[in-house]
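I have placed the structure first, in the form of C-alpha cells, so that the comments after it can refer back to it.
Rule-based calculations on the coordinates, nothing more; no lab input. What you see is a predicted model; the values in this text were computed from it and never measured. Neighbour counts run over all protein chains shown; Cβ positions are idealised from the backbone, glycine included.
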Amino acid sequence: MSLGELTVCQETASVLPDGRPVTRWTIGSTEGPTAEVLSLGARLQALHAPDRYGRLANVVLGCEGVEDLLGEAAYLGATVGRYANRIADGLLPLGGTTHRLTTQPGGHTLHGGTDGFASRLWDGVPVREGRRAGVRLRLHSPDGDQGFPGALSAEVTYLLDPAGALWIGYRATTDAPTVVNLTNHAYFNLAGEGNGTVLDHLLRVDAPGYLPVDAELIPLGPVARVAGTPFDLREAAVLGERVADPDPQIRLAGAGFDHNWVLDGNGFRRAAVLSHPASGRRVECLTTEPGIQVYTGNHFDGSLTGRSGRPYRAYAGVALETQHFPDSPNRPEYPSTVLRPGEEFRSTTVYCFSADKRP
C-alpha cells in the first residue's frame, strides 16, 4: 500500500514449524532508505542506508531461516522483553512476593526468559504518521508468562521517514503490577551486513558513567565514572582500540563491551553516534531511556550465516540497546521499571542515518 512518499509492502517471508506464516513488511522508496520488519520477534531484519556516494547497503545483521531465528539468531534485530537484559538469579521481588522467572544456562534471566518476546509471533498492521510510514505490532503476554506477574499488552511501532530516520516507539499496559523493559536488539555494521567487523567504526556515547559487572555480567551496583577508562566515549573513539584495552571489565565481557552506560540528561536526547569513516555512513541514536547497553558482538563465532551468505565472526556488528538498567528489579537505587494497572509504559528511540559527503 502507498503511504505518501513511502510504501509499505507486505509478504509472507517464511512459515513456522506449526504452520503459522511469518510476515515481512518492507518500508521505503525505490531510491532511498528502506527497512524490513518481521512479525517473528517484531524484528528489524534489514535496513538499507546510503553511503557518501548514494550506494545503498543493508547495515543490520540478520538471518533468513526460521530455524536460526528461533535459535541462535533469536535476538538479532528483535524486540526483546518482557524485560530486556539480565535479572540476577531469575528472582523478581515485587509487592512483597518474589517471583521465580525462567532462566537461561548460567542461572539468570536474559531478555525475558527462555521464551521471551523475540521468539513470539506479533500481529502487525501498516501505519502512517505524517510523512512517516511503517508498521505497528502488538503482542499479548499472559499473567505468569516466563514467571512474570500480570497480563501485559505490548506494542512496538516502526516508522521510517524519507530522510532516513527510523523511529521505534513502545507502549505497554498491565492488569497487575509487573516490570517492563523493552528494547530493540539490532546489530549495526555500517560497512554493510557481513562485510567484516565494526572494529574500524567510531563510537560516541553521551554518558558520564557506566555499570561495571561481575563475571556473569550482572551489575556490581554503583555507577562508575567513565573518566580515565576505556568506557569514556564522550568523544568518538575507534572501537578496535577500546576493545583491545587490558581493562579487567573489557576482559570480563569477552574482549569487548557488554555494558550499560548511564546516559546524561533526561527526556528525549542524543545517546550515541556510530560512524564508519570508509563509507561515510553515520547513525545517531536518540532516546527517552536512561541507559544504553553497548554490545560489540564479542561472542559471534562464525556459526551463524547472515543474509549476505557470510558467517558472523567476532565483532561482526555492534548493538546499541536503549533501555533501563540491567537487574533493576533487584536494585532499588536504579530507575524503576515497575508498571502498575492504570499506567502506560512509553518509550521512544530514533536511529537517524546520514552520510558524510567528504571523500
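On the basis of being more than 23 Å from Pro335 (Cα to Cα) and either touching a residue at least 12 places away in the same chain (Cβ under 8 Å) or within 17 Å of the chain's Cα centre (by Cα) (or both), does Tyr187 make the cut?
Details: more than 23 Å from Pro335 (Cα to Cα): yes; either touching a residue at least 12 places away in the same chain (Cβ under 8 Å) or within 17 Å of the chain's Cα centre (by Cα) (or both): yes.
Against the criterion (more than 23 Å from Pro335 (Cα to Cα) and either touching a residue at least 12 places away in the same chain (Cβ under 8 Å) or within 17 Å of the chain's Cα centre (by Cα) (or both)), Tyr187 qualifies.
From the residues in the stretch 90-134 that are of a type in the set (D, E, K, R) and touching a Gly at 6+ places or on another chain (Cβ under 6 Å), which one is farthest from Arg307 (Cα to Cα)? Even if it seems obvious, please write down each step before you answer.
Of all residues in the stretch 90-134, those of a type in the set (D, E, K, R) come to 100, 115, 120, 123, 128-129, 131-132.
Now narrow it down to the ones that are touching a Gly at 6+ places or on another chain (Cβ under 6 Å): 100, 131.
Working: Arg100: 37, Arg131: 29 Å.
Out of the qualifying residues, it is Arg100.
Of these, Leu203, Leu159, Leu137, which one is closer than 21 Å to Gln293 by Cα and either in a strand (DSSP E or B) or without any contact (Cβ under 8 Å) to a residue 40 or more places away in the chain (or both)?
Working: Leu159 fails: closer than 21 Å to Gln293 by Cα; Leu137 fails: closer than 21 Å to Gln293 by Cα.
Going through Leu203, Leu159, Leu137 in turn, the sole match is Leu203.
Would a scan of the stretch 137-157 turn up a residue that is in contact with a Leu (Cβ under 6 Å, 6 or more places away or on another chain) and under 23 Å from Leu56 (Cβ atoms)?
No; the residues of the stretch 137-157 include none that is in contact with a Leu (Cβ under 6 Å, 6 or more places away or on another chain) and under 23 Å from Leu56 (Cβ atoms).
Kindly provide the set of residues from the stretch 260-303 that are in a loop (DSSP other than H, G, I, E, B) and under 13 Å from the mean Cα position of the chain (by Cα), ordered by number. Give the steps one after another, and end with the answer.
Taking the stretch 260-303 first, the residues in a loop (DSSP other than H, G, I, E, B) are 263-268, 276-280, 288-290, 296-300.
Across the stretch 260-303, the qualifying residues are Glu289, Thr296, Gly297.
Only one of (1) within 30 Å of Glu284 (Cα to Cα); (2) hydrophobic (A, V, I, L, M, F, W, C); (3) buried (at least 19 other Cβ atoms within 10 Å of the Cβ) is not met by Leu92, so which one is it?
(1)
Inside the stretch 72-108, can you point out the residues that are among the aliphatic types (A, V, I, L, M) and more than 27 Å from Leu61 (Cα to Cα)?
Our first condition is that a residue be among the aliphatic types (A, V, I, L, M); within the stretch 72-108, this holds for 73-74, 76, 78, 80, 84, 87-88, 91-92, 94, 101.
Selection gives Ala88, Leu91, Leu92, Leu94, Leu101.
Among the numbered conditions (1) without any contact (Cβ under 8 Å) to a residue 12 or more places away in the chain; (2) β-branched (Val, Ile, Thr); (3) touching a Phe, Trp or Tyr at 6+ places or on another chain (Cβ under 9 Å), tell me where Thr79 comes up short.
That leaves (1) as the condition not met.
Look at Arg131 and say whether it is without any contact (Cβ under 8 Å) to a residue 60 or more places away in the chain and of a type in the set (Lys, Arg). So that I can check it myself, show each step before the final result.
Numbers: without any contact (Cβ under 8 Å) to a residue 60 or more places away in the chain: no; of a type in the set (Lys, Arg): yes.
No: the conditions fail for Arg131.
Since Tyr170 meets every condition but one in (1) on the phi < 0 side of the Ramachandran plot; (2) part of a loop (DSSP other than H, G, I, E, B); (3) not hydrophobic (A, V, I, L, M, F, W, C), which condition does it not meet?
(2)
Only one of these is in a helix (DSSP H, G or I), small (Gly, Ala, Ser) and more than 18 Å from the chain's Cα centre (by Cα): Gly240, Gly228. Name it.
On the way: Gly228 fails: in a helix (DSSP H, G or I).
None of the others qualify; the one that does is Gly240.
Inside the stretch 1-58, can you point out the residues that are over 22 Å from Gly280 (Cα atoms), of a type outside the set (A, V, I, L, M) and part of a loop (DSSP other than H, G, I, E, B)?
Gly4, Glu5, Pro17, Asp18, Gly19, Arg20, Ser39, Gly41
Restricting to the stretch 104-125, what's the tally of residues that are more than 25 Å from Asp18 (Cβ to Cβ) and buried (at least 16 other Cβ atoms within 10 Å of the Cβ)? Walk me through it before giving the result.
Keep residues of the stretch 104-125 that are more than 25 Å from Asp18 (Cβ to Cβ), which gives 105-109.
In the following step, the residues that additionally are buried (at least 16 other Cβ atoms within 10 Å of the Cβ) were identified as 108-109.
Number satisfying all stated conditions: 2.
Gln45 fails exactly one of the following numbered conditions: (1) farther than 27 Å from Ser153 by Cα; (2) surrounded by 14 or more Cβ atoms within 10 Å (Cβ to Cβ); (3) under 23 Å from the mean Cα position of the chain (by Cα). What is the number of that condition?
(1)
With Arg138, Arg100, Arg131 as the choices, which residue is among the basic types (Lys, Arg) and in contact with a Pro (Cβ under 8 Å, 6 or more places away or on another chain)? I'd like the intermediate steps shown before the answer.
Numbers: Arg138 fails: in contact with a Pro (Cβ under 8 Å, 6 or more places away or on another chain); Arg100 fails: in contact with a Pro (Cβ under 8 Å, 6 or more places away or on another chain).
Criteria check complete, one pass: Arg131.
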